[in-house]
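*Asks:* Quick one: structure below, then a few questions.
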Amino acid sequence: MTELDLALIRALYAAFDDGTLRFSFEPEVDLRTGSVPGMTARLQWAHPERGLLDAADVRAVARFAGLADQLDLWALRAAVTECRTWHRMASGSQIRPPRLWLHIGSRQLARATFAAEVIGLVRDRGALPPGAVGLAFTEETLGRAGPSLPPLLDRLRASGVAVAVRAFGSWIGSPATLDLLPLDLVRMDDRFLRATLRDIEGEAVFASMVTLAHRRRAAVLVDGVDSARFAARVTDLGCDRAAGPAFCPPLSVDDARQLVLGRGRPTHARVPRADDTPRPAPHDMQPTA
């Protein structure tokens, strides 16, 4: 073990308490109304010497240090706490804060106590409104989880926790994922989508997936939308929501809270059109009211 490794481990231990572990928040935009029905919390670590580390780097250090479970639990608690802050700030107003999504990995899902931990946190100090918190799993994580998964997801949803599949299209089990699992949101992988939409046959395959998701009462979101033209195209294909630089970069905690409250934003939301110049800034969006 190198001196650098030891220093990273010591710093990660301290990060649980010193405020350097944090989230950024990526808004998702309703393609028809311009409202913001959800934001995804993305883990970051502001390391004092190595700069801002993304979630993959943080989790790699945590696994090396034997702190993976501790990091997962910290992220879950911190996300639910931030969601409570949003609802407390909006209390007494007509604003309905966006749903807060958190990515959940296969290790965390496999824990026997996972569902109980989530439900306990959501219900602690008074239940959050149904759907206030959502958990997002990769398609591969869901596909490999086994026969106990559907009842577990049903239990979470019955307790008011929304469920999403993310990176959809990046694994082999796509149709079965939509057909068998209880889901609130399907997040399409933009690389899969761009490859699929190269011809008429691909568009037909994609349209069938959107139809199946809607039949199962799940909304369809496209990640990585980087232009107004692409946003217009996925809107025409029936997608409900989008996230990416064409709409808004990830926001800091303070900026996300301002978006929750609608402060400093115009009164009319705006969705990019195919002939627009993309504007990668949060000022064109409104929280869901």
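The values are calculated or read from the model by the stated rules, or taken from the named source; none is laboratory data. Given the structure is predicted, the values throughout are model-derived calculations rather than measurements. As a convention, Cβ positions derive from the backbone with ideal geometry for all residues, glycine included, and neighbour counts pool all protein chains shown.
*Asks:* Tally time: how many residues in the range 136-164 are part of a strand (DSSP E or B) and modelled with pLDDT under 95?
*Replies:* The number of residues fulfilling the criteria is 1.
*Asks:* Tell me, please, whether a residue that is polar (S, T, N, Q), out of contact with any helix residue (DSSP H, G or I) (no Cβ under 7 Å at 6 or more places or on another chain) and not in a helix (DSSP H, G or I) can be found in the range 113-120.
*Replies:* Checked against the condition, which is being polar (S, T, N, Q), out of contact with any helix residue (DSSP H, G or I) (no Cβ under 7 Å at 6 or more places or on another chain) and not in a helix (DSSP H, G or I), the range 113-120 yields at least one hit.
*Asks:* Restricting to the range 68-88, and then to whatever is buried (at least 16 other Cβ atoms within 10 Å of the Cβ) and of a type in the set (D, E, K, R), can you tell me which residue is nearest to Q44 (Cα to Cα)?
*Replies:* Among them, the one singled out is D72.
*Asks:* Look at A65 and say whether it is surrounded by fewer than 15 Cβ atoms within 10 Å (Cβ to Cβ) and either touching a residue at least 24 places away in the same chain (Cβ under 8 Å) or of a type in the set (S, T, Y) (or both).
*Replies:* no
*Asks:* In addition: Name the residues in the range 1-58 that are among the β-branched types (V, I, T) and without any contact (Cβ under 8 Å) to a residue 12 or more places away in the chain, would you?
*Replies:* If the condition is that a residue be among the β-branched types (V, I, T) and without any contact (Cβ under 8 Å) to a residue 12 or more places away in the chain, then T2 is the only one that fits.
*Asks:* Here's another thing I want to ask about it. Considering only the range 248-272, state which residues are of a type outside the set (D, E, K, R) and either under 19 Å from A195 (Cα atoms) or modelled with pLDDT under 90 (or both).
*Replies:* The answer is C248, P249, G262, G264, P266, T267, H268, A269, V271, P272.
*Asks:* Of all residues in the range 54-96, which are of a type in the set (D, E, K, R) and assigned to a helix (DSSP H, G or I)?
*Replies:* Within the range 54-96, D57, R59, R63, D69, D72, R77, E82, R84, R88 qualify.
*Asks:* Now for a separate question. Being of a type outside the set (D, E, K, R) and on the phi > 0 side of the Ramachandran plot, is that true of even one residue in the range 85-102?
*Replies:* Yes; the residues of the range 85-102 include at least one that is of a type outside the set (D, E, K, R) and on the phi > 0 side of the Ramachandran plot.
*Asks:* Run down V133, V122 and say which single residue is surrounded by 15 or more Cβ atoms within 10 Å (Cβ to Cβ), touching a strand residue (DSSP E or B) at 6+ places or on another chain (Cβ under 9 Å), at pLDDT 95 or above and among the β-branched types (V, I, T).
*Replies:* Only one candidate qualifies: V133.
*Asks:* Which of (1) modelled with pLDDT of 55 or more; (2) under 15 Å from P98 (Cα atoms); (3) in a loop (DSSP other than H, G, I, E, B) does C239 not meet, given it meets every other one?
*Replies:* So the condition that C239 fails would be (2).
*Asks:* If you go through the range 189-204 one residue at a time, do you hit one that is free of Cβ contacts under 8 Å to residues at least 24 places away in the same chain, surrounded by 14 or more Cβ atoms within 10 Å (Cβ to Cβ), in a helix (DSSP H, G or I) and touching a helix residue (DSSP H, G or I) at 6+ places or on another chain (Cβ under 6 Å)?
*Replies:* Within the range 189-204, one or more residues are free of Cβ contacts under 8 Å to residues at least 24 places away in the same chain, surrounded by 14 or more Cβ atoms within 10 Å (Cβ to Cβ), in a helix (DSSP H, G or I) and touching a helix residue (DSSP H, G or I) at 6+ places or on another chain (Cβ under 6 Å).
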